[in-house]
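Asker: This is the structure I want to talk about, given as structure tokens.
What follows draws every value from the coordinates through simple rules; no lab data is involved. Computed from a predicted model, the values in this text were never measured in an experiment. So basically every Cβ, Gly included, is an ideal-geometry build from the backbone, and we count neighbours across all protein chains shown.
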Amino acid sequence: MSDKHERNFFLFKVLDRFFFALSFPTYVLFLKDGGMKPSEIGIINTMFLLAVVLFEIPTGIVGDRFGRKRSIIIGLFVCSFGHLWYFSSHSLWMYSTAEMIIALGVSFISGSLQAWLHDSIAHHNGKNKFGVVWSNGEKFAHLASVVGGFIGALLASIYLPLPWLVACLGILGLAILCFWLVDESYFVHEKLGWKENWQKTIQIFKAGFSLSWNKKELRYFYIITCLTLFALQPMNQQWSLYFEKEFGIGSILLIWLGVSFSLFLGSHTVSCLLKKDNSSEVTLLFIVQLLTSVLVLLMAQQISPLLVVFFFCFHEIPRGSWSSLSESYLQKQIPSAIRATMGSITSVVTRLGAGAGWFLSGLLLERVPILNCWFFSGICLLLTLPFFFLLRKSTRVSNGYVQV
């Protein structure tokens, strides 16, 4: 991959994460200010994930058929409109609609971005592996999250919905920039008639599902990631509520900075480890999962709130490693022709777990303390550990005992 392509990817990740991060620190507080109860916040989040499940596979096929660049740009325009809708929302159905619009946009980007990066590296004979480039991109993105979250919190202190309007304009600008930023000149769109296009779409759809069903290591990978998101995704909804109650709203920004720095450390560690030729994503994912499980269970022990802050920020280091490791492993298992579609199928399967976790979290928050919910999350993470041994065994057999 040429330096230009790598720089363009990093710039995209930085700008994309910066604008999306504007609303992150005050998201739950914004919904509470709009009169939403914890159970209703759970419904809103679940609507996003259900919409992703609905849109992911069709949009992934669009990326494989008509180009990943087109899919990414369409997704950014849709996300921009979704943020504008959020800015003007004031009821459960409007918030839910905004989430569904953003979900459609995210679905166009998801899968296509990874596919574009992986195939660009292959086309330009890049010296860095996909996992290394992706983790470096995540590293820069986490730094952008720090700045975006800080600025978003300042904007929210002026007017709570303001971060959504600024994000809308920023994402719109990024969509326009991507006409030059995302180079896919090597992609050749096969011009077909309406009937042939439909047949080709069905062919890609069947190939993706056939691979997902028949490849044993993908099935184990889906189980692990589905349970992981079921356990951890609700914590994204819960942490600001817990720390606001313990330390006040002024603590949210400081903890957000700590979380972002921890995520940066996680991505940086992975980028260093994946540079080694004998690095094993499966082994590293197991270590990350074990460490995360222990730290989440420690958070739930009803100890000093200051220690909860420490363990919470520390557990974000292995969480920051997860995305790059899982993406690196996944991209090795799927062929180029259906790469975006497979990324979308993976997103559908795993986000079902996240949606279930978010929905259950909204119900539990009205009945049990947050730390009890985190204890349940830690137990769920521990339950995934045996599947790593099955994943490692099936991966070795499938790849002729090649270390992956």
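Asker: Please report MET235, MET299 as a ranked list, fewest other C-beta atoms within 10 angstrom at the top and most at the bottom.
Answerer: Lowest to highest Cβ neighbour count: MET235, MET299.
Asker: Between the stretch 289-351 and the stretch 201-267, how far is it from one alpha carbon centroid to the other, in angstrom?
Answerer: Each part's Cα centre sits 5 Å from the other's.
Asker: Full extension from TRP93 to TYR159: what is 0.36 nm times the residue separation minus their Cα-Cα distance, to one decimal in nm?
Answerer: 21.6 nm
Asker: How many nm is it between the label spots at LYS275 and VAL147, if each spot is 7 Å from the Cα in line with the beta carbon?
Answerer: Distance between label points: 2.4 nm.
Asker: Just grab the label-to-label distance for LEU383 and LEU360, each label 7 Å out from Cα along the Cβ direction, in nm (one decimal).
Answerer: 0.6 nm
Asker: While we're here: So for the stretch 32-154, taking the charge dipole from beta-carbon charges (+1 Lys/Arg, -1 Asp/Glu), which of GLY42, SER135, SER145 sits furthest toward the positive end?
Answerer: Value: SER135.
Asker: If you don't mind, another one. Can you give the helix-only mean residue ellipticity at 222 nm for the chain, where every DSSP H stretch with n ≥ 4 adds -39500 (n - 2.57) and the sum goes over all residues, rounded to the nearest 500 deg cm²/dmol?
Answerer: The per-residue figure over the chain is -28500 deg cm²/dmol.
Asker: Okay, next question. Please return the longest stretch of the chain lacking exposed loop sites, where trypsin sites (Lys or Arg not before Pro) count only if DSSP places them in a loop and at most 12 other Cβ atoms lie within 10 Å.
Answerer: Between exposed loop sites, the widest span is 1-126.
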